[in-house]
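Here is the structure we will look at, set down as structure tokens.
The values are calculated or read from the model by the stated rules, or taken from the named source; none is laboratory data. Fair warning: this is a prediction, and the values are worked out from it, not measured in the lab. Glycine also receives a Cβ, built like all others from the backbone with ideal geometry; neighbour counts cover every protein chain displayed. With ligands, DNA and RNA removed, areas are computed over all heavy atoms of the protein, side chains included. Shrake-Rupley method; radii C 1.70, N 1.55, O 1.52, S 1.80 Å.
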Amino acid sequence: MRSRYDEELKNLHGALIDMGAMIESAISGAITALENRDIQKAKDIIAYDEDIDAQERLIEEMCMKLLLRQQPVARDLRKISTAFKLITDMERIGDHAADISELAIMLRDLPQMNSNSLREMAVQTSSMLISSVEAYVEQDEEKARAVIRQDDVVDDLFVTVKSEMIEAIRQNSDFSEAAADLLMAAKYFERIGDHATNIAEWTVYAFTGRHED
Amino acid sequence: MNSPNAFEVRGMNLHYGSFHALKNIHLDIPRNQITALIGPSGCGKSTFLRSLNRMNDLVEGCRIDGDIRMDGEDIYGKIDVNHLRKRVGMVFQKPNPFPMSIYDNVAYGPRTHGVKSKAQLDALVEKSLKDAAIWDEVKDRLKKSALGLSGGQQQRLCIARALAAQPETILMDEPTSALDPISTSHIEELALTLKDQYTIIIVTHNMQQAARISDRTVFFLLGEVIESGETEQIFSSPADKRTEDYITGRFG
């Protein structure tokens, strides 16, 4: 009776999975650029942000068309309103991947600093991101809830990185600019963790109708 | 009048001969709200609507048991049915103006109920037509035949006619299914305005209409109430899979 409608919903789901894969690859590229001070990689990720934005617009159009033509209700309505919210968070994650890549370029001529906590933040946030997209794709409520819990770990790591950077500047002022840049990178990772949490929360809503707070 | 509900229905069953059309209905209809009754054709929603002003009494072989109370009073007990129908007005799917003037259509009910003074009738006709948002369109041709009005105007005239009896509740049985989108939106706007003064119960096959105007929605299926609740909840997160399947167009 409604095969065309179901087909369009399936296409929307597919487009969201594609956008999830795009931001996963942007984040992983940004981490590589930052770790290895890989300027070419950083430039690629910055340019790639346009593709992510284009995917956001594509999905927006799909949602608008579905709202207009099908006037969805119930689960269908939740899926489509969730798609609207997901792409906003995904687009912001793409922006932050570009922001981190710009920092990688700025850090090129500054003294090398190592922070295991920052490295751990990168690992944790990209794992949150991957899990949140997987939770959506696999409609796995438990996985989504695990992402929501994981956000506290990232928030704690941010506090640790901040203390480390303050300490580094105190010990040697030559590190101040690099430390400030790395602190900004940490803030971007922390924000990515927040957006991944949002994705997980909207995923729970789409499939249960209940909001996670 | 202490209860917030205009109607309280408990353990109601309705049979047409041997056919069990409504099964063990328990339902509260809150006062001054719009309640939408939805469900596939033949599910019993119109039958339920008609039992609220005892229109089913006219159907041969119709038998009702259980309890339907309006303001605490058993409407199937010892009551004056004419008085009940004055308190519970009705608007039908197809506009059905009487073949008489616009004025006489609206004055018909009050006259039947004994209002004779011209001044009183004039005032009541004007107020009813204004409340039904059609006064401006007809005030210069009150003596003309109601049959010359457009479908949408005729339906608003029928609403004015119902209002003239000064009811407490208005039952609407698919009131816009024969109307174009503009007339439909007039009737919907009107329903939203009227709910401050009246309790409105509307049967509709238009899901978007139920979602747009009603405060509460009741889903009927095969003579049973499957789910009832706040309209927003029913249309965003229905609790029962059958409700979900119906409103998303997977059956019905």
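List of remarks:
- Residue pairs meeting the criteria (Cβ under 8 Å; at least 6 apart or on separate chains; first at positive phi, in region B:120-146; second open to solvent by 80 Å² or more (accessible area, probe 1.4 Å) and among the hydroxyl-bearing types (Ser, Thr, Tyr)): B:133/B:193
- Residues of region B:179-224 that are of a type in the set (A, V, I, L, M, F, W, C), open to solvent by 40 Å² or more (accessible area, probe 1.4 Å) and within 19 Å of residue B:6 (Cβ to Cβ): B:192 alone.
- Enumeration of residues in region A:132-152 that are under 13 Å from the mean Cα position of the chain (by Cα) and farther than 14 Å from residue A:86 by Cβ: A:151
- Matching residues, region B:23-55, being over 23 Å from residue B:209 (Cβ atoms) and in contact with a Leu (Cβ under 7 Å, 6 or more places away or on another chain): B:54
- Residue in region A:151-170 that is more than 14 Å from chain B (Cβ to nearest Cβ), in contact (Cβ under 8 Å) with a residue 60 or more places away in the chain and either in a helix (DSSP H, G or I) or open to solvent by 60 Å² or more (accessible area, probe 1.4 Å) (or both) present: no
- Remark: pairs (first residue in region A:75-88, within 14 Å of another protein chain (Cβ to nearest Cβ) and touching a residue at least 60 places away in the same chain (Cβ under 8 Å); second residue among the β-branched types (Val, Ile, Thr) and assigned to a helix (DSSP H, G or I); Cβ separation under 8 Å; 6+ apart in sequence or on different chains) = A:82/A:203.
- Residue identified as at negative phi, assigned to a loop (DSSP other than H, G, I, E, B) and open to solvent by 50 Å² or more (accessible area, probe 1.4 Å) among B:95, B:99: B:99
- Only residues that are of a type in the set (A, V, I, L, M, F, W, C) and open to solvent by less than 10 Å² (accessible area, probe 1.4 Å) were counted across region B:45-62, and they come to 3.
- Every residue from region B:18-33 that is surrounded by 19 or more Cβ atoms within 10 Å (Cβ to Cβ) and over 24 Å from residue B:241 (Cα atoms): none
- Screening residue B:108 on (1) part of a loop (DSSP other than H, G, I, E, B); (2) in contact with a Lys or Arg (Cβ under 7 Å, 6 or more places away or on another chain); (3) open to solvent by 60 Å² or more (accessible area, probe 1.4 Å) shows it passes everything except condition (1).
- Sole residue being within 17 Å of the chain's Cα centre (by Cα) and on the phi > 0 side of the Ramachandran plot, chosen from B:53, B:32: B:32
- Any hit, region B:183-190, residues being within 14 Å of chain A (Cβ to nearest Cβ) and of a type in the set (Gly, Ala, Ser): no
- Single match in B:213, B:201, B:226, B:170 (criterion: within 14 Å of chain A (Cβ to nearest Cβ) and of a type in the set (Val, Ile, Thr)): B:226
- Check on residue A:35, modelled with pLDDT under 95 and in a helix (DSSP H, G or I): yes
Residue-by-condition table, conditions (1) open to solvent by 30 Å² or more (accessible area, probe 1.4 Å); (2) more than 16 Å from residue A:206 (Cβ to Cβ); (3) small (Gly, Ala, Ser); (4) away from chain B (no Cβ under 14 Å):
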| position | (1), (2), (3), (4) |
| --- | --- |
| A:38 | yes, yes, no, yes |
| A:48 | yes, yes, no, yes |
| A:73 | no, no, no, no |
| A:90 | no, no, no, yes |
| A:105 | yes, yes, no, yes |
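- Applying the criterion of being open to solvent by 70 Å² or more (accessible area, probe 1.4 Å) and without any contact (Cβ under 8 Å) to a residue 40 or more places away in the chain to the residues of region A:52-68, the residue that is farthest from the other protein chains (Cβ to nearest Cβ) is A:57.
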